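Some notes on the structure that comes next.
The values are calculated or read from the model by the stated rules, or taken from the named source; none is laboratory data. This structure is a prediction, so every number in the text was calculated from the model and none was measured. In this analysis, Cβ positions are derived from the backbone assuming ideal geometry, glycine residues included, and neighbour counts consider all displayed protein chains. Note: accessible area is taken over every heavy atom of the protein model, side chains too, but ligands, DNA and RNA are not part of it. Shrake-Rupley method; radii C 1.70, N 1.55, O 1.52, S 1.80 Å.
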Amino acid sequence: MEMDESINVYGEALEMCCDNPITGFYRDGKCNTNKDDVGSHTVCINVTKEFLEYSRFRGNDLSTPIPEFGFKGLKPGNSWCLCAARWLEAEKANMAPRIHLTRTHIKALDIVPMELLKKYAMDLN
């Protein structure tokens, strides 16, 4: 599985999203991706209680631990590499969490426009 170049939406080196809990398609803590990442786990979000409830309602329970897979469950304040299409769906439902642009992979731009990402950015001056 060859990884796409590890760059963020600015064309710079992709920064770590989260290593506790470990995140990413490659489980390397970054929102790295490749052609086999059908979900495009490329948007580094700041998890909120509201988003966790929304995600659970949509069939993706991210808060319940799954010990057999080493997953502790997400809590508000965690960072997480989220599927770009899921983030966009949440945005349309007014439930999108804030994001870290320097930690979001450039491939997210294939699905989400930069201006929309900037609207939710935590790391803009």
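Charging the Cβ of each Asp and Glu at -1 and of each Lys and Arg at +1, and nothing else, the dipole of the chain about its Cα centre rounds to 460 debye. Panel note: the C-alpha atoms of region 75-120, placed on their principal axes, show extents of 28, 24, 17 Å (largest first).
Over region 45-102, the Kirkwood radius and the radius of gyration, each from Cα atoms, give a ratio Rg/Rh of 0.96.
Between the amide H of residue 120 and any residue lying 5 or more places away or on another chain, no distance stays under 5 Å, with hydrogens modeled in the peptide plane. Close amide H partners of residue 82, meaning residues 5 or more places away or on another chain with modelled amide H under 5 Å apart, are 42, 43, 44, 45. Each part reduced to its alpha carbon centroid, region 52-71 and region 1-46 end up 19 Å apart.
Computed in the context of the full set of protein chains, the accessible area of the chain at 1.4 Å probe radius has 51% of its extent on carbon or sulfur. Accessible surface for region 26-108, divided over its residues, is 50 Å² per residue with a 1.4 Å probe. For volume of the Cα convex hull per residue in Å³, pick the label among [x] 151; [y] 103; [z] 93 that corresponds to the value derived from the coordinates. Correct label, based on the coordinates given: [y]. Amide H to amide H, with H built 1.01 Å from N, residue 98 comes under 5 Å of 46, counting only residues 5 or more places away or on other chains. Under 8 Å for C-alpha pairs, at least 6 residues apart: give me the relative contact order for region 1-121, rounded to a whole percent. For region 1-121, the relative contact order is 33 percent. Rounded to the nearest whole Hz, the Karplus-based 3J(HN,Hα) values (6.51 cos²θ - 1.76 cosθ + 1.60, θ = phi - 60°) of region 67-80 follow the sequence x, 5, 10, x, 9, 7, x, 8, 10, x, x, 5, 9, 7, with x at glycine and proline. Note on region 25-125: antiparallel DSSP beta bridges, both residues inside, total approximately 90 percent of the bridges counted. Peptides 60-72, 9-21 ranked from most to least packed, by the mean per-residue count of other Cβ atoms within 10 Å: 9-21, 60-72.
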